[in-house]
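**Student:** Below is the structure I would like to discuss, written out as structure tokens.
Throughout, read-outs are computed from the coordinates displayed, never taken from laboratory work. Everything quoted here is computed from the prediction, not taken from an experiment. Heads up, the Cβs are rebuilt from the backbone with ideal geometry, glycines too, and the neighbour counts pull from every protein chain shown.
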Amino acid sequence: MKYTSDFRQILETQGAETLIEALPWFKDVTGKTVVIKYGGAAMEDPELMDSVMTDILLLKIIGVRPVIIHGGGKAINRMLDKLNVPVKFENGLRVTDDATMDVVKMVLTGDVNDQLVRAVNKHGNLAVGLSGSDAGTLKAVQKDPALGRVGKVSEIDPSYLNDLINADYIPIIASIAASADDDGVYNINADEAAGDIASAIGAHKIMFLTDVNGLYENYPDPDTLIAWMTQEEAEELIASGKIASGMIPKINAALHALKGGVPRAHILNGKIPHAILLEMLTDSGIGTMIRRADSADQLERHPLDRFTKRLSENLSIDPEGDEYEFEIVH
Ligand SMILES: Nc1ncnc2c1ncn2[C@@H]1O[C@H](COP(=O)(O)OP(=O)(O)O)[C@@H](O)[C@H]1O
Ligand SMILES: CC(=O)N[C@@H](CCC(=O)OP(=O)(O)O)C(=O)O
């Protein structure tokens, strides 16, 4: 486990070197499917939402295959308040009676999903909005009778998603599932839905955008932000009780994705401009990366090193001039 250091200032002052630093990371992600969970407080500022969607489009342009799963808990709360429907959560999950379910569906599919799709499509018509219930993608059963129409995913059919990805679209999915038992729908926690989908489509990475810089060993002590850790260390941290509230479903969803074969999960602050790019394309990253113990993936983070170790080992500088060459080894 290593603590992260603040590299943003360096990144801001060293433009060209940043691009060089990004090269091995471009290679790491090009052609790969990356699931991004977007929601919570990080989705509240419309300008930031626009910028996150533009960054995702940039990833698409460099050859990444992004898939977005979104929540919208705060927007649902606002609409429920407006309609005088009480808002109630138990262990981070919304108690969802039939009236609440109607509002959840309306806000997520009718409002939030549409906003995200339009934010991408104003730069190029690549985004396709869908609900998890479309084409039988997500089927769910009731999680707990006390929570009403809150579901846990019981079946996933990734064929429609894979068709969209292979046709070069960016799927944007609202966290709703069709019922496996009746003709209704279920409200799925968006972190859980993202973890389930990432495993089902064999994603290379899953990224959770939230409103804190990542996972802290001793939250909220800023000096204990964890730059990277293994799956086992994350399991130990959950068991230690040091992770609380909304971070628990996120880490559980991350661990579920890792167990389902996804090599890396990241938790990062979606309120930092260009957070996804800084996390994905720099050596230090800005958030927390959790890595599968048996991941064949060898790129490492070196928070105190300007270049990755592998890159600097192969970097030779011509002492007579300013030319240099390097070899990227994978
Ligand atoms: N160890 C921890 N590290 C980081 N955040 C933590 C930790 N324990 C609890 N949290 C809380 O988890 C919150 C993120 O979960 P949540 O609010 O559900 O996110 P979102 O709404 O973005 O999905 C943080 O704002 C923080 O208050
Ligand atoms: C069961 C449950 O709690 N569902 C969530 C779904 C949306 C969500 O997860 O939104 P965020 O990611 O923005 O929190 C809800 O109703 O709020």
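**Student:** Can you list the equivalent-ellipsoid semi-axes of the stretch 2-326, largest first and in whole Å, using the square root of 5 times each Cα gyration tensor eigenvalue?
**Tutor:** With the √(5λ) rule applied to the stretch 2-326, the semi-axes are 35, 21, 18 Å.
**Student:** Here is a follow-up. Give the order of Thr30, Thr282 when sorted by the count of other beta carbons within 10 angstrom, beginning with the fewest.
**Tutor:** Thr30, Thr282
**Student:** Work out how much length Leu23 to Asp183 would gain on full extension: take 0.36 nm times their residue separation and subtract the Cα-Cα distance, in nm to one decimal.
**Tutor:** Full extension from Leu23 to Asp183 adds 52.7 nm.
**Student:** In addition: Where Rh is the Kirkwood radius over the Cα pairs of the stretch 16-70, the temperature 37 °C and the viscosity 0.692 mPa s, what D in µm²/s does Stokes-Einstein return?
**Tutor:** 267 µm²/s
**Student:** Follow-up question, since we're still on this one. Please report Phe26, Phe89 as a ranked list, fewest other C-beta atoms within 10 angstrom at the top and most at the bottom.
**Tutor:** Ranking Phe26, Phe89 by Cβ neighbours within 10 Å, fewest first, gives Phe89, Phe26.
**Student:** How do His274, His266 rank when sorted from fewest to most other Cβ atoms within 10 Å of their own Cβ?
**Tutor:** Ascending Cβ contact count within 10 Å gives the list His274, His266.
**Student:** How much FRET efficiency would the formula 1/(1 + (r/R0)^6) give for Ala293 and Ser154, where r is the Cβ-Cβ distance and R0 is 25 Å, rounded to 0.05?
**Tutor:** E between Ala293 and Ser154, to the nearest 0.05, is 0.35.
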